[in-house]
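To start, the structure under review is shown below, and the notes come after it.
The values are calculated or read from the model by the stated rules, or taken from the named source; none is laboratory data. Note that the structure is predicted; figures quoted are calculated from it, not measured. Cβ sites come from the backbone with ideal geometry, for glycine too, and all protein chains shown count toward neighbours.
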Amino acid sequence: MTAEEQIEASPFEVFGFDPIILEALSALEFELPTPIQEQAIPLLMQGRDIIARARTGSGKTAAFGLPLLERLKVHADHVRALILAPTRELALQVTEAIRSYGKGLRVRLVTVYGGASYTPQIKSLDTGMDIVVGTPGRLIDLMERGILDLSKIEVVVIDEADEMLRMGFIEDVETLLAKTPKGRQVALFSATMPPVMRKVAQTYLNNPVDVSVEASALSSDHVEQRWMRVPQQHKMEGVLRILESEPRGPTLIFARTRVDCADVADVLAKNGLSAEALHGDLPQSSRERVLGRFRAGVIQIIVATDIAARGIDVEGITHVINLDLPKTIENYVHRVGRTGRAGRAGLAISLVTPQEIRRITELSHRLKVDIAEQQVPSNAQIIAFKRSLVVSEMLGDEAPISDELMAWFETLKQDHDVETLALRALRLLGSDRKIPMDSKPDPRPPSWARGGTPVRREPVRRDPTDSRRPTAARREPVGPDKLHKGTNEVELFIPLGKQRGLRPQDIVGALANEVGISGDLIGRIEILERKSFVGLPKDIAEVVLQRAPMLQIRGTNVRLTLAFTGPDAPPRGDRPAPRDARTPDKFKTDKRPFTRKPGRGKKAP
Ligand code: AMP
């Protein structure tokens with residue numbers, strides 16, 4: 001099929017998109033619109049406001065991005081569309097996705113977010129942008145500095161609105177909406193629709209149409225998901241242990257690079273597993289041959305890169321194994337979605353290095369699915385499984401017993417004990433297949449998986465109607481004395497306060513954007529005159545202190561430290577700074593502490 005024929009056949013054509021967009025979609029191998037795209041695109045193309053309930057993985061970015069590109073394809077030298085995202089990560093992903101959908105068009109996008117230098121963002125804006133994608137705080141900053149002009153905005157997209165609400169950004173969203181012209185189109189996307197959000201929608205949207213889709217084909221919540229803690233140097237062994245310890249059908253392993261794919265496939269083959277690599281560097285004909293063999297059951301395992309796996313639509317894949325965590329949440333959803341198709345059960349296991357544990361926790365929160373930790377299979381599990389395979393193979397062989405074999409067995413029985421015969425036969429089979437039959441295998445995980453208690457977090461099960469985040473009202477604030485006693489909550493000290501105009505959303509924004517911490521994980525925030533405190537789960541606080549002790553909050557670089565609390569701590573208002581907190585202030589008493597209300601960014605009176 002030629003490129004033109006492919007474009008002609010594109011089901012996206014019905015929406016009336018420019019051929020350049022259709023070509024980009026075809027290059028991305030978007031064959032069919034997802035449910036949210038089917039519903040939202042026609043409405044957005046007509047200029048309607050919408051409230052769309054769709055989660056990450058539903059194809060929502062293209063649902064709003066494609067109509068936007070179609071509308072803005074003629075360059076106008078001023079900002080015409082604003083896309084609000086709760087975090088830097090999401091803002092960058094949205095930009096990247098829209099750029100890929102609009103490849104070949106002249107639509108210009110810039111991403112702006114807090115915690116980064118203003119200069120490049122201002123420079124980009126000065127060159128004339130069509131779409132600005134950004135986090136609310138930075139957008140407001142740029143607007144207030146007169147750099148971002150919202151007076152000619154035609155479209156506003158609010159992405160992951162519930163996340164904005166949870167992170168305390170909703171006021172900022174309202175501020176921005178209020179500054180855009182009356183007749184602009186607004187598309188609000190949210191996984192859940194708490195009442196507060198509905199109210200915002202009622203105030204700022206014009207006769208919006210509700211669009212809601214059932215759990216989409218691209219979502220991952222119907223697949224059982226697990227993670228396994230494996231240091232980088234033991235990844236290969238970790239994969240082998242999974243493959244050799246539980247029943248499975250066709251299996252897809254994801255690796256980051258094509259070299260990794262080839263290496264892993266090689267090691268698996270050397271261990272007697274039928275595996276082949278699939279990556280973008282293979283000629284199309286070889287890729288199809290590998291896939292054909294996989295579909296036919298000749299190969300059991302494919303080791304693929306994200307790009308090569310995009311085209312894989314093989315029914316009956318029982319296991320997806322992530323040798324490394326993918327770079328984006330979308331890729332994770334995509335990988336996981338290769339299994340559990342057509343209503344069948346599927347299992348996805350991610351190998352996670354100790355440094356990556358925070359990321360898997362994030363994924364679980366963002367996708368609102370449980371990703372449970374699993375132990376690295378022990379030798380005992382592996383050997384028990386291999387032994388069971390021998391037995392099922394023996395019993396599964398239903399070919400009739402020949403007269404010749406039966407007659408021989410009868411003579412053997414006369415000279416030998418049947419039980420001895422059976423036991424010796426099993427042992428012989430074992431030695432043939434390298435399965436120990438006499439020694440008692442170690443029931444413990446391998447030694448490299450035993451050290452230290454894994455950082456565990458209860459999987460999040462949120463009530464979708466509850467917009468509140470867990471707060472200190474429900475968790476006792478704790479000090480360093482309790483830190484070592486297994487308590488899960490600590491406070492970090494921030495040497496910045498009301499005096500510098502600090503707001504809860506600035507803290508949430510900095511933690512989200514600079515350290516990638518989901519708003520859900522952040523507990524109580526207390527803002528005093530010259531200092532503030534933020535509650536975090538212990539393991540997350542450790543990561544913050546290790547990775548980003550210096551954080552840029554409201555344009556100031558501050559050092560975060562563990563808050564000095566506990567029985568000897570002075571009253572909060574005049575508690576002294578921790579020894580290494582570099583603060584210019586000497587902690588005057590604050591009479592009216594500013595406490596963040598759950599789920600809101602509002603100031604207490
Ligand atoms: P999103 O929900 O926008 O984050 O999209 C999730 C993933 O689905 C991204 O990797 C998109 O590239 C991909 N995607 C979006 N629409 C389609 C489609 N119609 N067909 C195939 N993949 C899609």
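Scanning the stretch 86-102 for residues that are within 13 Å of the ligand (Cβ to nearest atom) and hydroxyl-bearing (Ser, Thr, Tyr), we see that the one that is nearest to residue 176 (Cα to Cα) is 95.
One residue stands out among those in the stretch 149-202 that are in contact with a Phe, Trp or Tyr (Cβ under 8 Å, 6 or more places away or on another chain) and assigned to a loop (DSSP other than H, G, I, E, B): the one that is farthest from residue 109 (Cα to Cα), which is 160.
Within the stretch 24-38, which residues are more than 16 Å from residue 333 (Cβ to Cβ), surrounded by 20 or more Cβ atoms within 10 Å (Cβ to Cβ) and either near the ligand (Cβ under 7 Å from one of its atoms) or not small (Gly, Ala, Ser) (or both)? 25, 33 - these are the residues of the stretch 24-38 that are more than 16 Å from residue 333 (Cβ to Cβ), surrounded by 20 or more Cβ atoms within 10 Å (Cβ to Cβ) and either near the ligand (Cβ under 7 Å from one of its atoms) or not small (Gly, Ala, Ser) (or both). Do we find that residue 509 is small (Gly, Ala, Ser) and in contact with a helix residue (DSSP H, G or I) (Cβ under 6 Å, 6 or more places away or on another chain) in this structure? Yes.
Residue check: is residue 281 closer than 23 Å to residue 539 by Cα and in contact (Cβ under 8 Å) with a residue 12 or more places away in the chain? Quick ask: steps written out before the conclusion?
Numbers: closer than 23 Å to residue 539 by Cα: no; in contact (Cβ under 8 Å) with a residue 12 or more places away in the chain: yes.
Judged against the criteria, residue 281 is not a match.
This table checks each residue for (1) at pLDDT below 90; (2) buried (at least 22 other Cβ atoms within 10 Å of the Cβ); (3) more than 26 Å from residue 327 (Cα to Cα); (4) assigned by TED's automatic domain parsing to the domain that holds residue 326.
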{"position": "269", "(1), (2), (3), (4)": "no, no, yes, yes"}
{"position": "277", "(1), (2), (3), (4)": "no, yes, no, yes"}
{"position": "281", "(1), (2), (3), (4)": "yes, no, no, yes"}
{"position": "296", "(1), (2), (3), (4)": "yes, no, yes, yes"}
{"position": "306", "(1), (2), (3), (4)": "yes, no, no, yes"}
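Do you know which of the residues in the stretch 220-253 that are polar (S, T, N, Q) and outside any loop (DSSP other than H, G, I, E, B) is farthest from residue 362 (Cα to Cα)? Within the stretch 220-253, the match that is farthest from residue 362 (Cα to Cα) is 251. Out of curiosity, is residue 255 more than 16 Å from the ligand (Cβ to nearest atom), outside the structural domain of residue 35 (by TED's automatic domain parsing) and either crowded, with 18+ Cβ neighbours inside 10 Å or on the phi > 0 side of the Ramachandran plot (or both)? Yes.
Among the residues of the stretch 354-379, those that are in contact with a strand residue (DSSP E or B) (Cβ under 9 Å, 6 or more places away or on another chain) and within 16 Å of the ligand (Cβ to nearest atom) comprise 363, 367, 369. Considering the conditions (1) part of a helix (DSSP H, G or I); (2) surrounded by 14 or more Cβ atoms within 10 Å (Cβ to Cβ); (3) away from the ligand (no atom under 16 Å from the Cβ), residue 351 is excluded by exactly one of them, (1). Within the stretch 279-337, if we keep just the residues that are within 11 Å of the ligand (Cβ to nearest atom) and small (Gly, Ala, Ser), the residue that is farthest from residue 58 (Cα to Cα) turns out to be 311.
So if I check each of 41, 21, 83, 7, which one is away from the ligand (no atom under 14 Å from the Cβ) and either assigned by TED's automatic domain parsing to the domain that holds residue 165 or modelled with pLDDT under 90 (or both)? Within the list 41, 21, 83, 7, the selection yields 7. Considering (1) in contact with a Pro (Cβ under 6 Å, 6 or more places away or on another chain); (2) over 19 Å from residue 170 (Cβ atoms), the lone condition that residue 99 does not fulfil carries the number (1).
Checking the stretch 38-47 against the condition returns a match, with at least one residue being touching a strand residue (DSSP E or B) at 6+ places or on another chain (Cβ under 6 Å), farther than 24 Å from residue 512 by Cβ and assigned to a loop (DSSP other than H, G, I, E, B).
Is it fair to say residue 391 is out of contact with any Asp or Glu (no Cβ under 7 Å at 6 or more places or on another chain), part of a loop (DSSP other than H, G, I, E, B), at negative phi and more than 16 Å from the ligand (Cβ to nearest atom)? If you could, list the steps in order and put the result at the bottom.
Numbers: out of contact with any Asp or Glu (no Cβ under 7 Å at 6 or more places or on another chain): yes; part of a loop (DSSP other than H, G, I, E, B): no; at negative phi: yes; more than 16 Å from the ligand (Cβ to nearest atom): yes.
Considered against the rule, which asks whether it is out of contact with any Asp or Glu (no Cβ under 7 Å at 6 or more places or on another chain), part of a loop (DSSP other than H, G, I, E, B), at negative phi and more than 16 Å from the ligand (Cβ to nearest atom), residue 391 comes out as no.
How about the stretch 63-73: which of its residues are near the ligand (Cβ under 10 Å from one of its atoms) and closer than 16 Å to residue 85 by Cβ? Break it down stepwise before answering.
Our first condition is that a residue be near the ligand (Cβ under 10 Å from one of its atoms); within the stretch 63-73, this holds for 63-66.
Within the stretch 63-73, 63, 64, 65 qualify.
Just to be sure, is residue 237 of a type in the set (Asp, Glu) and touching a strand residue (DSSP E or B) at 6+ places or on another chain (Cβ under 9 Å)? No, not satisfied. Taking the stretch 45-62 only, how many residues are in contact with a helix residue (DSSP H, G or I) (Cβ under 7 Å, 6 or more places away or on another chain), of a type outside the set (Val, Ile, Thr), more than 7 Å from the ligand (Cβ to nearest atom) and under 12 Å from residue 157 (Cα atoms)? So the answer is 1.
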